[in-house]
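The next block holds one structure in the form of structure tokens; read it before the comments.
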Amino acid sequence: MIEQALLLSAGDLSAAEQNIGRVLDFFGIVWSVRPISYLLRATDCGDEDVPKRRIFCSSETFLELTANLERSREVATRWRECIHSVFIYFSNNDEVSAKLIKVFAGEQAVMREASSGARNFLVADDPEQCGVMAGIHIKNAAPPATFFAGALGHGIKKIVSVEEDALCVSVRYHEVPLFLSSSSEVVDPKAELMRGIFDIREHAASALPVVLYIKWAFPRTCWRSAEISGSLIIDDPLLKPSHGFVDFTDLLSLMKRHHFSTNIAFIPWNWRRSNSEVVKLFLDHPQFYSISVHGCDHTRAEFGSGNVRELQSTVQCALARMSAHEEHTGIRHDRVMVFPQGVFSSAAMTVLKRTELIAAVNNDTISADSPPLPVTIADVWDVAVMKYADFPLFTRRYPWEGLENFAFDALLGKPVVIVIHHESCRDRCQRLLEFIDALNTSRIAPIWRNLGEVVRRSYRQRSLADNLVEIEMYATELRLENHFRDPKIFRVRRREVNPSSIKEVRIGGQPTVWDYLDGGISLTVRLNPGENTDVQVIFEEFDERTEMSQRASTTARVMLIRYLCEVRDNYVTKAKLVCASALGRKDQEWN
């Protein structure tokens with residue numbers, strides 16, 4: 001049975017109704033628009049082959065519906081048999097809102113206008129209704145126009161509290177659960193993000209109620225992740241006993257004690273400079289330490305160019321250096337690119353796709369192109385941003401962006417990828433460890449893996465039938481596992497605008513047959529419970545190698561930059577921060 005949504009509307013869809021449809025589309029929910037009369041005369045109620053309906057409507061529409069329910073016992077009976085639950089957003093009609101809130105919450109309940117200024121939200125500690133967001137505080141969030149306030153009646157449960165008031169509540173009406181949002185706004189997944197970053201603190205009122213409801217009401221057919229995996233990335237350090245505030249031996253002991261893993265975004269230019277003792281730490285503890293590819297020379301905007309030939313040369317140089325480092329040290333690198341200073345171009349993503357790399361990871365999602373492609377909320381909500389040549393760009397966050405943002409990412413199905421620089425390791429990583437401990441004791445506690453495994457295992461899935469599961473693949477390699485109790489057929493799909501660039505597709509290392517349907521490749525895999533396999537999409541490499549030798553002046557300039565950066569990290573920055581700590585100055589990043 002496929003869970004479906006009904007959007008009740010009297011005519012042309014309002015902006016909020018259109019946005020609800022877009023949110024449903026994003027989560028893969030089948031939906032249709034119907035008038036109230038359609039719902040009242042439904043004749044298939046109680047049919048085992050027809051799932052109960054999930055309803056979305058405004059407070060005005062629902063108030064009209066209640067009048068019909070109260071007049072007819074037959075309609076009320078049909079309501080209980082047909083309806084699974086209802087999501088109601090309160091319109092800007094003050095009279096309607098006042099009437100409806102009193103129907104459910106009692107005579108003392110009111111709609112209160114929000115005062116200006118940020119507020120603190122609290123999600124109910126109820127994992128059944130709130131999933132991984134249960135118990136999460138959202139600090140300094142932008143408030144909606146109105147809240148549910150006053151003495152809420154018996155049976156009203158606050159789903160999202162705003163201090164003494166509520167943004168979202170649940171109640172049962174004629175035995176059917178209702179989710180009521182005080183906000184008249186519903187997030188628009190097609191809206192452009194000017195900074196390319198989605199912050200739940202800025203969008204809590206419009207996004208949180210509808211997403212919490214959808215994830216609860218559509219447990220089978222809503223896109224969701226198979227697991228929450230995570231990794232901590234530290235940008236730039238050399239593999240020497242210490243780099244800036246990073247002490248690799250001490251960090252290993254902290255990882256063991258606090259249960260996390262670390263990926264070093266390794267600058268390929270340093271391939272001949274790794275210390276043998278640190279190399280042994282990495283080789284002996286692969287469950288804790290891994291490295292990824294951090295640019296090539298790590299000069300600013302080296303991946304921001306639109307020159308494909310130049311980019312090919314840069315990538316080939318980077319990968320050749322990483323291979324030489326692997327041969328020299330034995331440390332295998334995760335085939336993931338982390339862009340220096342976060343700068344990349346659309347052309348760079350096209351070039352990376354035609355190499356052995358399987359994904360890119362970055363804070364920024366807006367390219368250096370002029371003009372850049374617009375980045376929407378839906379792009380960033382996705383497991384990975386796929387708008388750049390369908391090569392995945394996984395997003396990462398700093399700890400000071402708040403546990404609430406990591407939790408909302410996990411609710412959407414995104415992995416937990418944290419980024420820091422060496423400065424965050426001062427005071428034996430005290431502030432970092434506080435964040436990781438909070439993460440590990442929350443409901444989004446990730447399975448800590450190396451970065452390559454994180455992106456391989458980051459996909460979304462939904463059930464299409466009892467034995468059929470649809471998989472949306474992102475990285476060019478997928479680690480697929482049957483987490484179900486029964487054998488399943490997995491229909492694996494991956495978006496691809498240029499199927500002619502695909503050399504072959506493999507399952508378990510063996511070439512397989514695939515189809516091209518609806519803008520993506522499609523193939524099927526059958527797995528028994530607990531079984532896993534790898535799916536690989538291999539693209540044609542560029543016809544010719546384009547390595548270009550650097551001029552002596554360029555080589556000298558890069559060397560100077562790299563050594564000056566090390567001086568900065570090991571001496572200048574350390575001295576400044578140690579001095580600031582001694583003077584009792586606060587860390588602005590974490591406050």
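The values are calculated or read from the model by the stated rules, or taken from the named source; none is laboratory data. Note that the structure is a prediction, hence the values are computed from the model and not measured. Here Cβ is always computed from backbone atoms with ideal geometry, including for glycine, and neighbour counts include all displayed protein chains. Heads up: the accessible areas ignore ligands, DNA and RNA and are worked out on the full protein's heavy atoms, side chains in. Shrake-Rupley method; radii C 1.70, N 1.55, O 1.52, S 1.80 Å.
Please work out which residue is farthest from Val416 (Cα to Cα), limiting yourself to segment 240-273 and to residues that are charged (D, E, K, R) and assigned to a helix (DSSP H, G or I).
Among them, the one singled out is Asp250.
Each row is one residue, and each column tells you yes or no for (1) of a type outside the set (A, V, I, L, M); (2) open to solvent by 20 Å² or more (accessible area, probe 1.4 Å); (3) in a strand (DSSP E or B); (4) modelled with pLDDT under 95.
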| site | (1), (2), (3), (4) |
| --- | --- |
| Leu178 | no, no, yes, yes |
| His203 | yes, yes, no, no |
| Arg220 | yes, yes, no, yes |
| Ile233 | no, no, yes, no |
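Please determine, by comparing only the residues of segment 440-449 that are surrounded by fewer than 21 Cβ atoms within 10 Å (Cβ to Cβ) and outside any helix (DSSP H, G or I), which one is farthest from the chain's Cα centre (by Cα). Steps first, answer last, please.
Start the filter on segment 440-449 by keeping residues that are surrounded by fewer than 21 Cβ atoms within 10 Å (Cβ to Cβ), which leaves 440-443, 445, 447.
Retained after the next criterion (residues that are outside any helix (DSSP H, G or I)): 441-443, 445, 447.
Numbers: Thr441: 19, Ser442: 17, Arg443: 15, Ala445: 14, Ile447: 15 Å.
Across segment 440-449, the extreme among qualifying residues is Thr441.
Looking at segment 512-532, can you tell me whether even one residue there is modelled with pLDDT of 95 or more, open to solvent by less than 40 Å² (accessible area, probe 1.4 Å) and under 26 Å from Ser290 (Cβ atoms)?
For segment 512-532, residues modelled with pLDDT of 95 or more, open to solvent by less than 40 Å² (accessible area, probe 1.4 Å) and under 26 Å from Ser290 (Cβ atoms): absent.
From the list Phe266, Phe245, which residue is open to solvent by 10 Å² or more (accessible area, probe 1.4 Å), in contact with a helix residue (DSSP H, G or I) (Cβ under 9 Å, 6 or more places away or on another chain), in contact (Cβ under 8 Å) with a residue 60 or more places away in the chain and aromatic (Phe, Trp, Tyr)?
Of the residues listed, the single one that is open to solvent by 10 Å² or more (accessible area, probe 1.4 Å), in contact with a helix residue (DSSP H, G or I) (Cβ under 9 Å, 6 or more places away or on another chain), in contact (Cβ under 8 Å) with a residue 60 or more places away in the chain and aromatic (Phe, Trp, Tyr) is Phe245.
Taking only segment 205-218 into account, find how many residues are open to solvent by 10 Å² or more (accessible area, probe 1.4 Å) and either aromatic (Phe, Trp, Tyr) or on the phi > 0 side of the Ramachandran plot (or both).
Residues meeting the conditions: 1.
Thr350: more than 25 Å from Ser424 (Cβ to Cβ) and either over 23 Å from the mean Cα position of the chain (by Cα) or basic (Lys, Arg) (or both), yes or no? Working first, answer last.
Details: more than 25 Å from Ser424 (Cβ to Cβ): yes; either over 23 Å from the mean Cα position of the chain (by Cα) or basic (Lys, Arg) (or both): no.
The answer is no for Thr350.
Identify all residues within segment 569-579 that are open to solvent by less than 100 Å² (accessible area, probe 1.4 Å) and either at pLDDT 75 or above or under 26 Å from Arg300 (Cβ atoms) (or both); write none if there are none. Talk me through it step by step, then tell me what you get.
Taking segment 569-579 and keeping what is open to solvent by less than 100 Å² (accessible area, probe 1.4 Å), we get 569-570, 572-575, 577-579.
The answer is Asp569, Asn570, Val572, Thr573, Lys574, Ala575, Leu577.
Kindly indicate whether Gly306 is open to solvent by less than 20 Å² (accessible area, probe 1.4 Å) and farther than 29 Å from Lys256 by Cα.
Values: open to solvent by less than 20 Å² (accessible area, probe 1.4 Å): no; farther than 29 Å from Lys256 by Cα: yes.
In short, no.
Considering only segment 2-35, state which residues are of a type in the set (A, V, I, L, M, F, W, C), within 28 Å of the chain's Cα centre (by Cα) and under 26 Å from Ser463 (Cβ atoms). I'd like the intermediate steps shown before the answer.
So in segment 2-35, the residues of a type in the set (A, V, I, L, M, F, W, C) come out as 2, 5-8, 10, 13, 15-16, 20, 23-24, 26-27, 29-31, 33.
This time we only want the ones that are within 28 Å of the chain's Cα centre (by Cα), so: 2, 5-7, 15-16, 20, 23-24, 26-27, 29-31.
Ile2, Ala5, Leu6, Leu7, Ile20, Val23, Leu24, Phe26, Phe27, Ile29, Val30, Trp31, listed by residue number.
Just the residues that are open to solvent by less than 40 Å² (accessible area, probe 1.4 Å) and hydrophobic (A, V, I, L, M, F, W, C), please, taken from segment 485-506.
Phe490, Val492, Ile502, Val505 - these are the residues of segment 485-506 that are open to solvent by less than 40 Å² (accessible area, probe 1.4 Å) and hydrophobic (A, V, I, L, M, F, W, C).
When the residues of segment 1-60 are filtered to those that are under 18 Å from Arg224 (Cβ atoms) and part of a loop (DSSP other than H, G, I, E, B), which remaining residue is modelled with the lowest pLDDT? Let's see the steps before the verdict.
Taking segment 1-60 first, the residues under 18 Å from Arg224 (Cβ atoms) are 1-5, 23-31, 51, 54.
Checking the rest, the ones that are also part of a loop (DSSP other than H, G, I, E, B) come to 1-3, 27-29, 51.
On the way: Met1: 63, Ile2: 79, Glu3: 87, Phe27: 97, Gly28: 95, Ile29: 95, Pro51: 81.
Here the answer is Met1.
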